[in-house]
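Asks: This structure is in structure tokens; I'll ask about it shortly.
The values are calculated or read from the model by the stated rules, or taken from the named source; none is laboratory data. What you see is a predicted model, and the numbers here were worked out from it, not measured in a lab. Using ideal geometry, Cβ is built from the backbone for each residue, glycine included, and neighbour counts are taken over all protein chains shown. Heavy atoms of the whole protein, side chains included, go into the accessibility calculation; ligands, DNA and RNA do not. Shrake-Rupley method; radii C 1.70, N 1.55, O 1.52, S 1.80 Å.
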Amino acid sequence: MIIKSESNEKYKYINKLKKKKYRKKFKSFIVESIKIVDQIPEDFECEFVFVNEDMKDYKTDFKKIVFSNNLFDKLSLLENPEGVSAVIKMKDKKEISSKKVLLLDHMQDPGNLGTIIRSAEAFSFKDIIFLNNCVDLYNEKTIRASMGSIFRLNFIDLELEDVKDLINKDYKLILADMDGKSVDYFKSCDKIILAIGNEANGISKSLKDLSDDFVSIKMDGEIESLNAAIAASILMNNFSQSG
């Protein structure tokens, strides 16, 4: 059966999930593109895959719903949708367990966040902390930029007091800052929390007050700063090589 009416309950449900407040209410989110849908792991609950008429023969082990091309295009946030998407339940958060943890302080750009998530997986930062109201993890731009890495890492929202508790558990909080020390200075640290600040304003004062340890990236030329996602990726790579 091909769904052609906007009054259909599944259509209305998916349309709601395009907004953060409904993602939070239903604890579900949308992923788009064949590549990302094909990467859905077994430990995630997929409510259903939905496709357009052109992709009605798409093979999947999940329940599949077919929309008319017109209706599917209205649900998609892509300029040129591939015709394959899915609705997935949010996964329960886990306790922080890895030795290398990334902390994002009021990160606001969804594309930056997705790129950082992808780099975090590449460089073995398996736990990511969100502090001070970061952009929504399940924003469609974040999911696309993460290229599937969003399925394989642990994300947790914490308060400042929770970060203090981690420091008390032998984690060293290291803040990214242009005037910081070389990453080589921190090679002997066994457990670290690398903090990346807001794109415009950097690390918040409340977080700075928790640590005197700052790390920087050596740069040549007249560059004043790097994009937050690029800076985070370089630093994570450096720390992954420092043991």
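Asks: Give me log10 I(q)/I(0) at q = 0.11, 0.14, 0.19, 0.22 Å⁻¹ for the range 100-241, Debye formula, one equal scatterer per alpha-carbon, no solvent.
Replies: Log10 I(q)/I(0), no solvent term: -0.35, -0.59, -1.13, -1.55.
Asks: Which one of Ser216, Ser149, Ser76 has the biggest mean-square fluctuation once the chain is modelled by GNM with Cα springs under 10 Å?
Replies: Among Ser216, Ser149, Ser76, the largest mean-square fluctuation in the Gaussian network model of the chain belongs to Ser216.
Asks: Once you have all Cα-Cα distances for the range 1-135, histogram them in 10 Å bins from zero and send the whole-percent values.
Replies: Computed distribution, short to long bins: 11, 36, 34, 16, 4, 0.
Asks: Can you compute 3J(HN,Hα) from phi for each residue in the range 8-15, using the Karplus curve 6.51 cos²θ - 1.76 cosθ + 1.60 with θ = phi - 60°, rounded to whole Hz and x for Gly and Pro?
Replies: With the stated coefficients, the range 8-15 comes to 4, 5, 5, 4, 5, 5, 4, 4 Hz.
Asks: Pick out, from Tyr22, Asn52, Asn70, the residue whose Cα sits farthest towards the positive end of the charge dipole of the range 11-85, with +1 on the Cβ of Lys and Arg and -1 on the Cβ of Asp and Glu.
Replies: Checking the options against the dipole of the range 11-85, the answer is Tyr22.
Asks: Taking +1 at the Cβ of each Lys and Arg and -1 at the Cβ of each Asp and Glu, which of Met178, Ser233, Ile203 sits farthest along the dipole of the range 100-241 towards its positive end, judged by Cα position relative to the Cα centre?
Replies: Ser233
Asks: With n ≥ 4 as the cut-off for DSSP H runs, can you work out [θ] at 222 nm for the chain, using -39500 (n - 2.57) per run divided by the number of residues, rounded to the nearest 500?
Replies: -8000 deg cm²/dmol
Asks: Given the options Glu45, Glu222, Glu53, which has the most mean-square fluctuation in a GNM of the chain, springs set between C-alpha atoms less than 10 angstrom apart?
Replies: Fluctuation is largest for Glu222.
Asks: How big is the dipole moment of the range 100-241 about its Cα centre under a simple scheme where the beta carbon of each Lys and Arg is +1, that of each Asp and Glu is -1, and everything else is neutral? Debye, nearest 20, please. Don't jump to the answer; show the numbers that get you there.
Replies: Numbers: 15 positive and 23 negative charges, 103 e Å.
So the dipole magnitude of the range 100-241 works out to roughly 500 debye.
Asks: Where the only charges are on Cβ atoms (+1 Lys, Arg; -1 Asp, Glu), what is the dipole of the range 23-121 about its Cα centre, to the nearest 20 debye?
Replies: Numbers: 17 positive and 18 negative charges, 98 e Å.
The calculation lands at about 480 debye.
Asks: Ok, one more. Can you give me the C-alpha center-to-center distance between the range 130-160 and the range 1-41, rounded to a whole angstrom?
Replies: Rounded to whole Å, the Cα centres lie 18 Å apart.
Asks: Hey, what did the chain get for relative contact order, percent, Cα under 8 Å, at least 6 apart?
Replies: Computed value for the chain: 18 percent relative contact order.
Asks: About its Cα centre, what dipole magnitude does the chain give when the only charges are +1 on Lys and Arg Cβ and -1 on Asp and Glu Cβ, stated in debye to the nearest 20?
Replies: 900 debye
Asks: How many nm separate the modelled label positions at Asp38 and Glu79, each set 7 Å beyond the Cα in the direction of the Cβ?
Replies: Simple spin-label model gives 2.4 nm for this pair.
Asks: To continue, here is another question. Please work out the average accessible area per residue across the range 100-241, using the 1.4 Å probe convention, and give it in Å².
Replies: 48 Å²
Asks: Just to make sure I understand: if all protein chains stay in place, what is the order of Glu42, Glu47 by accessible area at 1.4 Å, largest first?
Replies: If we order Glu42, Glu47 from most to least accessible, we get Glu42, Glu47.
Asks: Still on this structure: Tell me the relative contact order for the range 100-241 as a rounded percent, counting alpha carbon contacts under 8 Å between residues six or more apart. It would help to have the intermediate numbers written out before the result.
Replies: Working: 248 pairs, mean separation 42.7, N = 142.
The normalised contact order for the range 100-241 reaches 30 percent.
Asks: Further question: What number, in percent, do you get for the relative contact order of the range 1-94 if the mean sequence gap of Cα pairs under 8 Å and at least 6 apart is divided by its residue count?
Replies: 39 percent
Asks: Based on a Kirkwood Rh over C-alpha pairs, give the Stokes-Einstein translational diffusion coefficient of the range 141-189 at 25 °C and viscosity 0.890 mPa s in µm²/s.
Replies: Answer from the Stokes-Einstein relation: 176 µm²/s.
Asks: Find the centroid of the Cα atoms in the range 179-235 and in the range 50-120, then give the distance between the two in whole Å.
Replies: Each part's Cα centre sits 29 Å from the other's.
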